1. I'd like to verify a number: residues in the range 112-139 that are assigned to a strand (DSSP E or B) and surrounded by fewer than 24 Cβ atoms within 10 Å (Cβ to Cβ), how many?
2. Residue by residue through the range 195-228, note down the ones that are away from the ligand (no atom under 16 Å from the Cβ) and touching a strand residue (DSSP E or B) at 6+ places or on another chain (Cβ under 8 Å).
3. Just to be sure before I move on: is residue 236 buried (at least 17 other Cβ atoms within 10 Å of the Cβ), in contact (Cβ under 8 Å) with a residue 24 or more places away in the chain and near the ligand (Cβ under 10 Å from one of its atoms) in the structure I sent?
4. Given (1) away from the ligand (no atom under 16 Å from the Cβ); (2) surrounded by fewer than 23 Cβ atoms within 10 Å (Cβ to Cβ); (3) part of a helix (DSSP H, G or I), where does residue 231 come up short, assuming only one miss?
5. Please enumerate the residues belonging to the range 187-196 that are surrounded by fewer than 20 Cβ atoms within 10 Å (Cβ to Cβ) and in contact (Cβ under 8 Å) with a residue 40 or more places away in the chain.
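Just so it is clear, none of the values below were taken in a lab; they were calculated from the coordinates. Predicted model only: the values in this text are computed from it and were never measured. FYI the Cβ positions are ideal-geometry reconstructions off the backbone, even for glycines, and counts take in every protein chain you see.
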Ligand SMILES: O=C(CO)COP(=O)(O)O
């Protein structure tokens, strides 16, 4: 049995306006005692980091605040970007990097993803590194090559000590927002390969300790079977994280 603490993230993406974000955060804060034993993080859109931090305050740190992205350099002339120190100032302690929507829609490269991982760690944040293959890559047999490649690029330069602050999110792109979930067996296979790759890059102890979350149409109804897999240590949730009962149901499944 794994000693890894399950970790469930709610990636709100570009959803919810201020009142809705506060309402959801307050509803989760009210349930925070039920989340004992599971690390829970929410990732609101940038403008709402501060009001969400305030709404989470009654949970006394039991729900972490994360940012969906940040730029790599200190404050300066970078129009439209948000710095690491700004997200920290707003209350975030976790940084999500390399989400497929940033890789495939916004066009972030492996090099920029790696720069963000290193800068986030350097700033003292915990970092969630998201990786995952597209449908075309899966159908052409490249799933493991893509995942291990994105993993290796993403972690380049990350020290063994810093690996304690890394969580990996395996999110098959074809399962995100589509209602198509990877089968527990397929997800387990991918997670196992990712863990072996961490052992290859670092050592077995680090591979055994790192948490690997699954993301892609995880819901209360399928979370139990996915989270029961040996190498699935949690979930990164999109759509179902916008509804407090669904998100709490997934957290309950992670216990
Ligand atoms: O992209 C995801 C989380 O980062 C998953 O999104 P869905 O749960 O909506 O498929």
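1. So in the range 112-139, the residues assigned to a strand (DSSP E or B) come out as 126-131.
Retained after the next criterion (residues that are surrounded by fewer than 24 Cβ atoms within 10 Å (Cβ to Cβ)): 126.
Qualifying residue count for the region: 1.
2. We begin by selecting, within the range 195-228, every residue away from the ligand (no atom under 16 Å from the Cβ); these are 195-210, 228.
Matches in the range 195-228: 195, 198, 210.
3. On the way: buried (at least 17 other Cβ atoms within 10 Å of the Cβ): yes; in contact (Cβ under 8 Å) with a residue 24 or more places away in the chain: yes; near the ligand (Cβ under 10 Å from one of its atoms): yes.
Yes; evaluated as a whole, the condition is true for this residue.
4. Status for residue 231: all satisfied but (3).
5. 188, 193
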